[in-house]
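Okay, structure first, notes after.
The values are calculated or read from the model by the stated rules, or taken from the named source; none is laboratory data. Here the structure is a predicted model, which means the values were calculated and not measured. Glycine gets a Cβ as well: all are built from the backbone with ideal geometry, and neighbour counts include every protein chain shown.
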Amino acid sequence: MNILHITSRKAWIDATRAGRYAAPSLETEGFIHGSTLKQVLPVASKYYKGQGGLVLLEIDPKRLESELKWEPPSGGTLPGVPEEDAFPHIYGPVNLDAIVQVLDFEPGPNGEFSLPDALNPGG
């Protein structure tokens with residue numbers, strides 16, 4: 001199962017120039033936050049509502065060179081995510097060949113996000 005990470009289009013462009021992706025949380029918290037397909041919309045709703053210029057990085061965990069740990073959410077429980085759900089945390093930069101897809105992730109007119117068609121199992 002691939003994991004997802006929300007970031008800005010600018011951060012993604014910077015990563016392609018640097019040859020690796022590292023979110024600010026790697027420096028401040030020691031890891032990069034990830035989500036499963038079921039977790040990404042609640043995460044987007046809580047932390048990114050109304051923000052534009054975003055992309056979703058789809059990451060193949062088998063290709064990651066940095067350590068991946070499944071842990072409780074660092075900010076406590078998240079509405080819409082079962083309390084027992086663990087989140088994928090990446091303990092180091094993401095090598096670009098682990099990123100299998102980069103998808104535009106823009107909110108709708110109401111500020112809410114929906115899954116990009118390429119990830120939407122229903123369509």
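The residues of segment 5-57 that are part of a helix (DSSP H, G or I), small (Gly, Ala, Ser) and under 18 Å from residue 87 (Cα atoms), listed by number, are 25, 44, 45. Checked against (1) surrounded by fewer than 15 Cβ atoms within 10 Å (Cβ to Cβ); (2) modelled with pLDDT of 90 or more; (3) among the polar types (S, T, N, Q), residue 74 passes all but condition (2). Among the residues making up segment 77-101, those that are surrounded by fewer than 19 Cβ atoms within 10 Å (Cβ to Cβ), touching a Lys or Arg at 6+ places or on another chain (Cβ under 9 Å) and not in a loop (DSSP other than H, G, I, E, B) are 91, 95, 96, 97, 100.
Pairing residues of segment 43-58 that are surrounded by 15 or more Cβ atoms within 10 Å (Cβ to Cβ) with residues that are in a loop (DSSP other than H, G, I, E, B), at Cβ distances under 6 Å and at least 6 apart in sequence or on separate chains, gives 44/113; 54/105; 55/105; 56/105; 58/2. Kindly indicate whether residue 55 is out of contact with any Asp or Glu (no Cβ under 9 Å at 6 or more places or on another chain) and on the phi < 0 side of the Ramachandran plot. Against the criterion (out of contact with any Asp or Glu (no Cβ under 9 Å at 6 or more places or on another chain) and on the phi < 0 side of the Ramachandran plot), residue 55 does not qualify.
From the list 16, 28, exactly one residue is hydroxyl-bearing (Ser, Thr, Tyr) and modelled with pLDDT under 95. Which is it? Outline the logic, then answer.
On the way: 16 fails: modelled with pLDDT under 95.
From the options 16, 28, the qualifying one is 28.
Among the residues of segment 60-72, is there at least one that is in a strand (DSSP E or B), of a type in the set (A, V, I, L, M) and within 17 Å of residue 100 (Cα to Cα)? Yes: segment 60-72 contains one or more residues that are in a strand (DSSP E or B), of a type in the set (A, V, I, L, M) and within 17 Å of residue 100 (Cα to Cα).
Checking the structure you have, find out if any residue of segment 72-83 is touching a residue at least 60 places away in the same chain (Cβ under 8 Å) and closer than 20 Å to residue 7 by Cα. I'd like the intermediate steps shown before the answer.
We begin by selecting, within segment 72-83, every residue touching a residue at least 60 places away in the same chain (Cβ under 8 Å); these are none.
No.
Condition first: surrounded by fewer than 16 Cβ atoms within 10 Å (Cβ to Cβ) and either in contact (Cβ under 8 Å) with a residue 60 or more places away in the chain or not charged (D, E, K, R) (or both). Now tell me which residues in segment 21-42 satisfy that.
Here is the first cut: in segment 21-42, the ones surrounded by fewer than 16 Cβ atoms within 10 Å (Cβ to Cβ) are 24-25, 27-30, 37-38.
Residues satisfying the conditions are 24, 25, 28, 30, 37.
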